[in-house]
1. Taking a threshold of 32 Å on the Cα-Cα distance, which of the pairs K43/K142; K21/K42; K73/K141; K42/K142 fall above it?
2. Need the full-extension length gain, I84 to K42, defined as separation in residues times 0.36 nm minus the C-alpha distance. One decimal, nm.
3. How much space per residue, in cubic angstrom, does the convex hull of the C-alpha atoms of segment 14-92 take up?
4. What does a probe at F71 reach in segment 113-127, counting residues whose amide N is under 14 Å from the point 7 Å along Cα→Cβ?
5. Treat the count of other C-beta atoms within 10 Å as a stand-in for reagent exposure and order I47, I78 from fewest to most.
6. Would you mind computing Rg(Cα) / (2.2 N^0.38 Å) for segment 13-153, counting N as its residues?
7. Residues with beta-carbon under 11 Å from that of G27, excluding G27: net charge, scoring Lys, Arg +1 and Asp, Glu -1?
Amino acid sequence: MFQFANAQKQNQLRIGIEFGKAIPTYGSANTSFAVEAKYNLKKNLSIGIREILTTGASTNSAMLLTSDYYFHKNGNTIAPFVGIGVGPYLPGIIKPSKDAFQYEITDKDNTIRLDGTVRGGIEFSKFRFTTEYNFIPSESKKNYLNISIGIFLDGGRWN
């Protein structure tokens, strides 16, 4: 009798990228791009480091330490998850200038702040669908909802 394990492997590194739409509390929607390296502590628990950039009127950056918990059952290729993250947030580091294809580095209001995130979603094979809420406690106007789709370039999959 054969038995297949349909969970992530413990002690495995996974690397993924995500593209999405960041919808701020105030203002118009922006584009987001994230890269995340994750390490599976257990079959259903991972920790990682995530770099996320959001673009719009200016480019914002956050580097988060993350953790995800997976509600996965053997025999199912879909893995729902919830997660949290915390780390530094740097607002408005690059701003488009009036001339096309030129950008200016801003030094106005770019104090590093604390960023937190709560997220949930599903993983299917090497694909990831995520909804997350990023909050900057010191400046609630910069909070945003991010909806993204991604793929794991390396590491395990739910199969």
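Read-outs: derived from the displayed coordinates by stated rules, not from any lab. What you see is a predicted model; the values in this text were computed from it and never measured. All Cβ positions, even for glycine, are placed from backbone atoms using ideal geometry, and neighbour counts span all protein chains on display.
1. In this structure, K43/K142; K73/K141; K42/K142 exceed 32 Å between Cα atoms.
2. 13.5 nm
3. Per-residue hull volume (Cα only) is 99 Å³.
4. Residues 119-123 qualify, since their backbone N sits under 14 Å from the label point.
5. Least crowded to most crowded, the residues run I78, I47.
6. Numbers: Rg = 15.9 Å, N = 141, 2.2 N^0.38 = 14.4 Å.
Relative to the 2.2 N^0.38 Å estimate, segment 13-153 comes out at 1.10.
7. +2
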